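Since every read-out is calculated from the coordinates, none of them should be taken as a lab result. Please read these numbers as outputs of a predicted model, since none were measured by experiment. Here the Cβ positions follow ideal geometry from the backbone for every residue, glycine too, while neighbour counts run over all protein chains shown.
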Amino acid sequence: MKTLLPTLLPRSPTLGLCAPSGFLTEPGALEMATLYFTEHGFKVVEGRHIHARHDYFAGTDDERLSDLHQLVHDPAVDLIMAARGGYGITRLLPHLDYAAFARARKPIVGFSDITALHLALLAQVGLVSFAGPMAAPDFGHPHRSTLHAEHFEPLLRSTEHSSPLIKLPFLAYDGAAGIRLRHRAEGLQGTLWGGNLALVSHLVGTPYMPNIDDGILFLEEVNEEPYIIERSLLQLYHAGILTRQRAILWGQFNRCEPTHASAAPYTLERVVEYLKTLIPTIPILQNLPFGHVSDKLTLPVGGQVRIEMVDNAHYQLHFSDYGLLHP
C-alpha cells in the first residue's frame, strides 16, 4: 500500500479539537484538557459545534462534518484531535472530503469510534493517522498518564520513535510455547494498522477498509462479551484478513467478561486460545498498552513498525515512516 505521510508537529503547534462522534458527557473535561494543552505550548482551536448535542451525537451529521472539515481546511491548525469517541463517525464516512485530508496532511488523533476515520483515510487516500489519546477522556482530568509526555508528543515530533518496554503475560513466555512465540515475533516488520475490534470488523466489505498484506494488526475492545469478541474475530478470519497479517498485537479488552445473561461463562482467555488455533503460525503479542485505558501508546495507523523481543519477558515496538519533518 502506498501511503501519504502527515506533517510532523512544529515547535508551537495549533491543536484543532472537534467531536465527530458522541456528545461530550463530562462537564468541564474539555476545558481542563484545553488548559493542559495551552500550558504545554499548544494553541487550541475548537470546532464551532463541539458542545452541541443532537440525540446521541455531538450535533447533527452536517454539523459534525462541518467541524471536521473546518479544521482540515484551516491553515493555522497543525493537529486535529477528537474530543471523545462514542458512536457516529461511520455516518460521516461517505461525505468526507478525502482529497482535502490528503492535501492538508495533518495528523489526526483519536481512538475507539475514531478507528473508522483512521481506516477510511488509509483506504481512500493512503493517509497515515494516529490511534491515540483524546481530549476529554485522556487530558480532561488531573490523573493523566505519563505516556502522554513520554510517547504522544515525542512520536508526533520525530520521524522515528520507540515504545516503552511492553511486558508479556507470564504464560506467553513460559516454556516451549514462549520460545516459539519469541522466535516468530522477533524482527517482524510491517504496516501497523487496526484499532477498536468492532469498528475494524464492521468495515469489512466496505470501501473504507484498507487492504493490507503482511501487516501488524492491533486490536482493543471495551464492554463486549467474549463470545461477541470471538464473533468479530471470526469475521476478520473468514474474510481472509487475519491470515494475511504477520502479527497480532492484542491490546486492552476492558470489562470484556461474561455476564449473568451468558449461557455459559465463556471467557476472554478461551477466545484467545481459540484464536491461536485459527492462526497457529502468526504470533499474538498480548498486553499492548492501548485501548480504553489511561496508559495508552500512540500508534501510527499506516506507518511501519518493527517488533523487537528485548528479553524473555518484554517486547518493544519501533516506529518509522509515519511522518515528515515540518517545513
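Connecting C-alpha atoms closer than 10 Å in a GNM of the chain, tell me which of Pro13, Pro133, Pro27 has the biggest fluctuation.
Greatest mean-square fluctuation among the candidates belongs to Pro27.
So between Ser320 and Asp61, what do we pick up on full extension, going 0.36 nm a residue minus the alpha carbon distance?
This chain segment gains 89.7 nm when fully extended.
Distance between Cα centroids, segment 126-159 to segment 5-48: provide it in whole Å.
A separation of 11 Å, based on Cα centres.
Helix 115-125 versus the longest principal axis of the chain: what is the Cα-based angle in degrees, 0 to 90, to the nearest 10?
80
With every atom except the alpha carbons ignored, what do you get for Rg and Dmax of segment 14-156, in angstroms?
Final numbers for Rg and Dmax: 13.9, 38 Å.
Amide H to amide H, which residues 5 or more places from Ala19 or on other chains are under 5 Å from it, using H placed in the peptide plane?
Ala83
Which of the peptides 220-227, 47-54 is most tightly packed, and how do the rest follow, going by the mean number of other Cβ atoms within 10 Å of each residue?
Details: 220-227: 19.9, 47-54: 17.5.
The most tightly packed comes first, giving 220-227, 47-54.
Suppose every Lys and Arg Cβ carries +1 and every Asp and Glu Cβ carries -1, with no other charges. What dipole size does segment 181-270 come out with about its Cα centre, to the nearest 20 debye?
So the magnitude is around 200 debye.
Among Ser163, Ser112, Ser12, which one shows the biggest mean-square fluctuation in a GNM of the chain, springs joining Cα atoms closer than 10 Å?
Of Ser163, Ser112, Ser12, the Gaussian network model singles out Ser12 as fluctuating most.
Filter the cross-link list Lys276/Lys296; Lys2/Lys43; Lys43/Lys296 down to pairs whose alpha-carbon distance in this structure exceeds 27 Å.
In this structure, Lys2/Lys43 lie more than 27 Å apart at Cα.
Could you point to the residue in Gly16, Val293, Leu5 farthest towards the positive end of the chain's charge dipole, with +1 and -1 charges on the Cβ of Lys/Arg and Asp/Glu respectively?
Leu5
Going by average Cβ neighbours within 10 Å, how do the peptides 299-307, 233-241 rank, with the highest at the top?
Result, highest mean Cβ count within 10 Å first: 299-307, 233-241.
Under the 0.36 nm per residue contour assumption, what length would be gained going from the current alpha-carbon distance of Tyr227 and Asp311 to full extension?
26.9 nm
If each Cα of segment 160-320 is one equal point scatterer, what is log10 of I(q)/I(0) from the Debye formula at q = 0.12, 0.14, 0.18 Å⁻¹?
Taking Cα atoms of segment 160-320 as identical point scatterers yields -0.50, -0.69, -1.18.
Using +1 at the C-beta of Lys and Arg and -1 at the C-beta of Asp and Glu, which of Asn254, Leu68, Tyr274 has the Cα lying farthest in the positive direction of the dipole of the chain?
After comparing all options, I get Tyr274.
Under a GNM of the chain (C-alpha, springs under 10 Å), which listed residue has the highest mean-square fluctuation: His161, His95, His314?
His95
Can you list the HN-Hα couplings for segment 214-231, worked out from phi with the Karplus curve (6.51, -1.76, 1.60; θ = phi - 60°), rounded to whole Hz and with x for Gly and Pro?
6, x, 10, 9, 10, 9, 8, 7, 8, 6, 10, 5, x, 5, 5, 4, 4, 4
Expressed as an acute angle from 0 to 90° and rounded to the nearest 10, what is the orientation of the C-alpha long axis of helix 175-185 relative to the principal long axis of the chain?
For 175-185 against the chain, the angle is about 40 degrees.
How far, in degrees from 0 to 90, does helix 61-73 lean away from the longest principal axis of the Cα atoms of the chain, to the nearest 10?
Long axis of 61-73 versus the principal axis of the chain: about 80 degrees.
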